[in-house]
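Read the structure below first, then the notes.
The values are calculated or read from the model by the stated rules, or taken from the named source; none is laboratory data. Everything numeric in this text was worked out from a predicted model, so none of it was measured. Because the Cβ atoms are built from the backbone with ideal geometry, glycine has one as well, and the counts that use them run over all protein chains shown.
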Amino acid sequence: MRSGFRVGLTGGIASGKTTVANLFAALGVTIIDTDLLAREVVEPGTALLAEIAAHFGAGILASDGSLNRRALRERVFADAHERRWLEERTHPAIRALTDARCEAAPGPYCIVAIPLLVETQGQSRFNRVLVVDCDPEIQMARLMARDGITRDAAAKMLAAQVSRDARLAVADDVIRNDGDVAALRDQVERLHREYVLQSARVAK
C-alpha cells in the first residue's frame with residue numbers, strides 16, 4: 001500500500017534536475033514532471049483552455065486549436081494583472097493533477113519535479129524537498145553550452161530565477177552536481193534508500 005510520501009525535486013536552471021530525476025527513475029521511482037502537467041491541463045478540449053481562450057481571445061490559439069504558448073507568454077509577461085489571472089487558474093489545475101498522479105503512483109514514494117517550487121512556495125506540500133545544487137560558475141558554463149548563448153545572456157537568465165540561497169534555505173536534502181555522473185548516482189542511491197525508510201515510517 002502506498003504511503004503517499006512525496007519528494008519535491010527542484011534546482012536552478014542547468015543545475016542537473018533532469019539528470020537526477022532520470023537516475024531516480026532508473027531505480028524504479030515514479031517521476032511526476034510538473035512542466036509536462038502544465039501542458040496537459042491546457043490540451044485541446046479541456047475546459048481550462050476554453051476559459052483561457054475566452055479571456056485572451058482566439059489569438060492565443062494555434063491553427064490546430066492548441067495553445068500558442070509564445071503568444072500567451074507575450075501577453076502575460078507584458079501585464080502583471082493578466083499573469084496573475086492566468087496563474088490563479090493554471091496553478092490549482094496543475095496541483096490537482098499532481099495530487100492525482102501521486103496518489104496513483106506505485107512504490108513507497110514518488111518524486112515531483114517542480115522547477116518553481118520555491119517561487120510558488122510549494123514546499124509544504126511535500127514530505128521532503130530535494131534541491132539539486134552546483135557551483136555557480138559550473139552552472140553558468142553548463143547553461144552557456146546547453147543553450148549556445150553568451151555569458152551575459154546566461155547571467156540574465158540566472159538572475160531572473162530565485163536565488164541559490166533561497167532554494168537551499170528550504171532544502172531538506174541537497175544533491176551536489178559538481179562532479180561526474182558516477183558521483184551523482186551515489187548520492188541518488190543513498191537518498192533513495194533513505195526515502196524508502198522514511199516512507200515506511202510515515203506509513204506506520
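Of everything listed in (1) at pLDDT 95 or above; (2) surrounded by 14 or more Cβ atoms within 10 Å (Cβ to Cβ), the single unmet condition for residue 16 is (1). Filter region 78-102 down to the residues that are of a type in the set (S, T, N, Q) and either within 30 Å of residue 196 (Cα to Cα) or not in a helix (DSSP H, G or I) (or both) and list them by number. If the condition is that a residue be of a type in the set (S, T, N, Q) and either within 30 Å of residue 196 (Cα to Cα) or not in a helix (DSSP H, G or I) (or both), then 98 is the only one that fits. Evaluated against (1) farther than 29 Å from residue 136 by Cβ; (2) assigned by TED's automatic domain parsing to the domain that holds residue 154, residue 23 falls short on exactly one condition, (1). Among the residues of region 161-187, those identified as of a type in the set (A, V, I, L, M), more than 16 Å from the chain's Cα centre (by Cα) and either outside the structural domain of residue 127 (by TED's automatic domain parsing) or more than 19 Å from residue 127 (Cα to Cα) (or both) are 181, 182, 183, 184. Scanning region 103-136 for residues that are among the β-branched types (Val, Ile, Thr) and in a strand (DSSP E or B) gives 111, 112, 129, 131, 132. Cβ-Cβ contacts under 9 Å between residues 6 or more apart (or on different chains), taken from a first residue in region 142-159 that is under 21 Å from residue 18 (Cβ atoms) to a second residue that is surrounded by 14 or more Cβ atoms within 10 Å (Cβ to Cβ) and among the hydroxyl-bearing types (Ser, Thr, Tyr), are listed as 142/15.
Cβ-Cβ contacts under 8 Å between residues 6 or more apart (or on different chains), taken from a first residue in region 49-76 that is on the phi > 0 side of the Ramachandran plot to a second residue that is assigned to a loop (DSSP other than H, G, I, E, B), are listed as 65/44.
When you scan region 143-150, do you find a residue that is surrounded by fewer than 19 Cβ atoms within 10 Å (Cβ to Cβ) and in contact with a Lys or Arg (Cβ under 7 Å, 6 or more places away or on another chain), even just one? So far as region 143-150 goes, yes, one or more of its residues are surrounded by fewer than 19 Cβ atoms within 10 Å (Cβ to Cβ) and in contact with a Lys or Arg (Cβ under 7 Å, 6 or more places away or on another chain).
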